[in-house]
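One structure is given here, and the rest of the page talks about it.
The values are calculated or read from the model by the stated rules, or taken from the named source; none is laboratory data. Treat the numbers as computed from the prediction; the structure is a model and nothing was measured. Every residue, glycine among them, receives a Cβ derived from its backbone with ideal geometry; neighbour counts consider all protein chains shown. For accessibility, only protein heavy atoms count, side chains too; no ligands or nucleic acids. Shrake-Rupley method; radii C 1.70, N 1.55, O 1.52, S 1.80 Å.
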Amino acid sequence: IIFLFHFCYKGHRLFFRFYRKKMGELVDTLQSRGLKVDLMTPSPFDEYSTDLKRETRPHCNETGLSDFAQAVRELAVEKGTGLVELHAPMTAIEKAHPTGLHYSGPDRVHPSPAGNRFLAAAVLAAADEVPGSVLTVDGVEHLFATPKGSDEERLWTAMAPVRKEMERIRALVY
């Protein structure tokens, strides 16, 4: 079982101890039933992009989510679980690409399609299905590349107007 405990940032210091305690209790319960558990660090809050319409909130990631990601890492060691690391590599990529490439969607919280591909690659890497070296911008895109002339490419092309309309509607919301 791979799970991610996510949360709303507001009042995070008050919630932090509860977050860690309840996650530990859930891990204990699952492990007591003989289940293998992998914890996942949260994806970052994108406070780095300069070309998104949605206003950023400085320090939500660096002094907020990074604390929770560290708690997940520590709990994984303490409880002997696996770990899917999203926070550190996705934060590094967001910082390196303040325009253009976004692993977070227009709300700066939830993963974009590229972010979802990264998440999938991180899960595969944690399961030793692909090497951890794929966890780069180019590596992830290569891993999920659609072969030219394939049925997947034709479907992706046919869906382009639908995706464009969904992005238009999303832009109205955010």
| Once amide H atoms are placed 1.01 Å from N in the peptide plane, what residues at a sequence separation of 5 or more from LEU83, or on another chain, have their amide H within under 5 Å of its amide H? | LEU39
| request: Tell me the label-point distance for the pair PHE18, ASP67, using the 7 Å Cα-to-Cβ offset, in nm and rounded to one decimal. | output: 1.4
| Along each principal axis, Cα extent of region 66-174, largest first, Å | 48, 33, 23
| message | With θ taken as phi - 60° and the coefficients 6.51, -1.76 and 1.60, list the Karplus ³J(HN,Hα) couplings across region 101-116 in order, rounded to whole Hz; mark glycine and proline as x. | response | 6, 10, 8, 9, x, x, 7, 6, 10, 7, x, 7, x, 5, x, 5
| note | region 116-134 scanned against label point 7 Å out from LYS36 along Cα→C-beta; backbone N under 17 Å for 122-132
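Ignoring ligands, DNA and RNA, how do THR81, THR146 rank by accessible area with a 1.4 Å probe, largest first? Spell out each step's value before the answer.
Working: THR81 20, THR146 65 Å².
Heavy-atom accessible area, descending, gives THR146, THR81.
With a cap of 10 neighbouring Cβ atoms within 10 Å, and only residues DSSP puts in a loop, list the trypsin sites (Lys or Arg not before Pro) found in region 61-169.
Numbers: sites: ARG73, LYS79, LYS95, ARG108, ARG117, LYS148, ARG154, ARG163, LYS164, ARG168; in loops: ARG108, LYS148.
When the trypsin sites (Lys or Arg not before Pro) of region 61-169 are filtered for loop state and at most 10 Cβ neighbours within 10 Å, LYS148 remain.
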| remark: Expressed in angstrom and rounded, the centroid-to-centroid distance over alpha carbons for region 115-160 and region 87-114 is 16
